[in-house]
Protein chains: 2
Amino acid sequence: MTKYREIQAPLRTIMTPGPVEADPRVLRAMATPILGQFDPAFTHIMNETMEMLRQTFQTENQWAFPVDGTSRSGIEAVLCSLIEPGDKVLVPIFGRFGHLLTEIAERSGAEVHLMECAWGRVFDQQAVIEEVKRVRPKILAIVHGETSTGCMQPLDRIGPACRELGVLTVVDAVASIGGAPVKVDEWQLDAVIGGTQKCISVPSGMAPVTYNERVERILASRKKVERGVAGDGDRSEVARPIRSNYFDLSQLQDYWGPRRLNHHTEATSMLYALREGLRVLLEEGLEERFERHRLHEQALMAGLRGMGLELFNDVPWKLPVVTCVKIPAGVDGESVRSMLLDQFGIEIASSFGPLHGRIWRIGTMGYSCRKENVLFALAALEAVLIRHRAPIVIGRGVQEALDVYEEVRLETASV
Amino acid sequence: MTKYREIQAPLRTIMTPGPVEADPRVLRAMATPILGQFDPAFTHIMNETMEMLRQTFQTENQWAFPVDGTSRSGIEAVLCSLIEPGDKVLVPIFGRFGHLLTEIAERSGAEVHLMECAWGRVFDQQAVIEEVKRVRPKILAIVHGETSTGCMQPLDRIGPACRELGVLTVVDAVASIGGAPVKVDEWQLDAVIGGTQKCISVPSGMAPVTYNERVERILASRKKVERGVAGDGDRSEVARPIRSNYFDLSQLQDYWGPRRLNHHTEATSMLYALREGLRVLLEEGLEERFERHRLHEQALMAGLRGMGLELFNDVPWKLPVVTCVKIPAGVDGESVRSMLLDQFGIEIASSFGPLHGRIWRIGTMGYSCRKENVLFALAALEAVLIRHRAPIVIGRGVQEALDVYEEVRLETASV
């Protein structure tokens, strides 16, 4: 016999920038019994998931499928499949996840060029374009929604400019996908990586990616097939092979495509989860979903301001799904977070690097992004701050948020 | 609105060498609501899972945790974390998954040396030891249970010999773990990778690994920390860094260890699944579980023989969880597989490379390894073979299997 009990997982209100609460429909979908990886019923589910990902990424790309790993596995799959040793990669950094792009590009053998701006700001698009012209990289790798600072980098001019210059644009849209517009085709982005555990409300463990035929051409030039499964006409040697087997998009594509060439064993239950999460998303509608995220962001911001707290990212380039609050002087941010968790079962986040200990980050993402969560988080934060003797306005936080919700109801009623 | 319906996943009897039927308790565990990755309730679950993995791997190693990806992600994590460009790696190949080890080692920059034997055989341990002495590799990478041929390589002498020679032994135990003994410490294996979707009966998507302090020393020498989360004393540059961020075991270890340094976001639901799968396994008991796998293997083999079919891997080195059947002359193996799936909802496998079209592979793994599945598979196979006008003995397959089960019942009763 074993001493291990049933899983003890208290039900939390998760208001971090991810992972957030999984949609209950997604949780149920994961309990579906397994299918074999080449069962026609399963390959049909794979194909449907690709269709739904195309819609979510707003793209006509043929290739849109998940890499079986957490979000950064998708980033690494794209970068290591594209980067050959010595390739120039330009990374504009405006928070922690820019450093991650750098880290992955360097490990893939790239000559990395950096641009940096203060955490809390984003880049003027023209400045990035000028730097692209100067450096002439093979790839511009850039974060869209930077959760560490709650900022969102506009890309609508950067993408087309890079296209014209023959530079590939690779975008980390892990935090924004499903919560804010990510227009892959309109912005002319060449490869984009999404996340599941944030605005799509599917547990961590899959990394949806999409890429176009410009990327595919590079993959084709580096493609080799495992000896154990190669057929006639498959190369087993190429000049500069992709350094990873697991992340080799040319092989993944053969597994997701009509050839169905055996690679890994697709993560069955996670794929069920992703499919259901995308189904929920598309049933709600992309525009309606972005609007919902905006509404709860507005209510949360109004509530925090009403409490007299100062926002760190109250800027035109705010990431709508993450709201950052300056920790009031004299208050121990970690003590507040602990009390929120221990007494109220609410989780909010701290931050990294230069912002560590200076801000709290509150996510309003996916299934966690709903009225009762926003109101509960505001009420709890007020109570905890009173307990910490912070100089706040008492009784106004929840009221201001309610005002936002009631205004919207009145507006909707008057239409 | 969307056109997508609920997931359509017919309930199958999965008798392949993986993925197999997930234990219903595991499926239920995945429906547990999410916890945040640094929630104490979640890090407790991480710690418990490490403990249970140690027991499953029969090791005292400190490090035993899952890599978030399918089985080959664990293999790649171990090999790419250990291999520096130019390192010699010796791979004895006796089936498809030896080629996979080669493929991953090559992509990691290794100078790979091969030994090959015919598919269906394994290596004499002394021959491997002699080759290790001749080549003097840094690493011997070898498969334990080779599902493509249904063979299992003995390792009890290879491990200690390599230890004495200062060679690291890396073992792919994806197919054997949880179904046959994998004695990490007793066999002196330095790093071992297990699979979840086979004898542990957890869906694909996690790759448990374990390694000892000899491996850890190499990791320490190559360790660097992401700039976005590095603290004082962390190096951000090393001479020959691990080429992957996602698979960097030195970073994974900092996330699984007491430092809890942020790396990826642990795949919450898959970890719940793995924990529950291991709990089921340890409740059954390792020895009892191996015995159960042996029993159903014997019943299946008796049934197949009774039908007059010839076994491909009726050898002393048979992998007890995979039984390979020679496809009778004149029978279309794929047509038989299709009819089994379409009419009976039963999935069995074909094979790869030189065995493609020559054998069927029937798995008896984990939750799929039970009496009703064995009896149903035998009955269905007989019916389908009659339909294909194969020259078989009619009416004996199920009877022979029943005899095995009744013998065991009698033996147990007489104790």
Legend entry - Residue that is in contact with a helix residue (DSSP H, G or I) (Cβ under 9 Å, 6 or more places away or on another chain), hydrophobic (A, V, I, L, M, F, W, C) and either open to solvent by less than 20 Å² (accessible area, probe 1.4 Å) or touching a residue at least 24 places away in the same chain (Cβ under 8 Å) (or both), where the choices are B:V331, B:V315: B:V331
Legend entry - Residue satisfying all of: in segment B:31-49; open to solvent by 10 Å² or more (accessible area, probe 1.4 Å) and more than 7 Å from chain A (Cβ to nearest Cβ); farthest from A:E334 (Cα to Cα) among these: B:N47
Legend entry - Total residues in segment B:195-245, condition within 25 Å of B:R361 (Cα to Cα) and hydroxyl-bearing (S, T, Y): 3
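Each row is one residue, and each column tells you yes or no for (1) at pLDDT 95 or above; (2) closer than 26 Å to B:H264 by Cβ; (3) touching a helix residue (DSSP H, G or I) at 6+ places or on another chain (Cβ under 7 Å); (4) open to solvent by less than 20 Å² (accessible area, probe 1.4 Å).
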position	(1), (2), (3), (4)
B:A22	yes, yes, yes, yes
B:T59	yes, yes, no, yes
B:W63	yes, yes, yes, yes
B:S71	yes, yes, no, yes
B:S108	yes, yes, yes, yes
B:L114	yes, no, yes, no
B:W119	yes, no, yes, no
Legend entry - Qualifying residues in segment B:240-293 (those that are touching a Lys or Arg at 6+ places or on another chain (Cβ under 7 Å), open to solvent by less than 10 Å² (accessible area, probe 1.4 Å) and farther than 26 Å from A:V202 by Cα) - the one farthest from the other protein chains (Cβ to nearest Cβ): B:S250
Legend entry - segment A:38-74 - residue that is small (G, A, S) and in a helix (DSSP H, G or I) and, of those, nearest to A:G195 (Cα to Cα): A:S71
Inset, instruction - Give the number of residues within segment B:210-224 that are within 14 Å of chain A (Cβ to nearest Cβ) and part of a loop (DSSP other than H, G, I, E, B). - result: 2
Legend entry - Residues (among the aliphatic types (A, V, I, L, M), under 20 Å from B:Q253 (Cβ atoms) and in a helix (DSSP H, G or I)) located in segment B:75-103: B:I75, B:A77, B:V78, B:L79, B:L82
Inset, instruction - Please state which of the following conditions B:S221 fails to meet, knowing it meets all the rest: (1) open to solvent by less than 10 Å² (accessible area, probe 1.4 Å); (2) closer than 24 Å to B:H263 by Cβ; (3) among the hydroxyl-bearing types (S, T, Y). - result: (1)
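To keep it simple, each residue is scored yes or no on (1) farther than 25 Å from A:I200 by Cβ; (2) in contact (Cβ under 8 Å) with a residue 24 or more places away in the chain; (3) among the hydroxyl-bearing types (S, T, Y).
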| residue | (1), (2), (3) |
| --- | --- |
| A:L295 | no, yes, no |
| A:L311 | yes, no, no |
| A:L381 | yes, yes, no |
| A:E400 | yes, yes, no |
Inset, instruction - Within segment B:337-370, work out how many residues are exposed (fewer than 15 other Cβ atoms within 10 Å of the Cβ) and more than 20 Å from B:L319 (Cβ to Cβ). - result: 4
Inset, instruction - Look through segment A:82-105, keep the residues that are more than 8 Å from chain B (Cβ to nearest Cβ) and open to solvent by 20 Å² or more (accessible area, probe 1.4 Å), and return whichever of them is nearest to A:T149 (Cα to Cα). - result: A:K88
Legend entry - Residues satisfying the stated conditions in segment A:1-30, i.e. touching a residue at least 60 places away in the same chain (Cβ under 8 Å), facing chain B (nearest Cβ under 7 Å) and among the hydroxyl-bearing types (S, T, Y): A:T16
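The values are calculated or read from the model by the stated rules, or taken from the named source; none is laboratory data. Worth saying up front: this structure is predicted, and the values here are computed from it rather than measured. All Cβ positions, even for glycine, are placed from backbone atoms using ideal geometry, and neighbour counts span all protein chains on display. Keep in mind that these areas ignore ligands, DNA and RNA; they rest on the heavy atoms of the full protein, side chains included. Shrake-Rupley method; radii C 1.70, N 1.55, O 1.52, S 1.80 Å.
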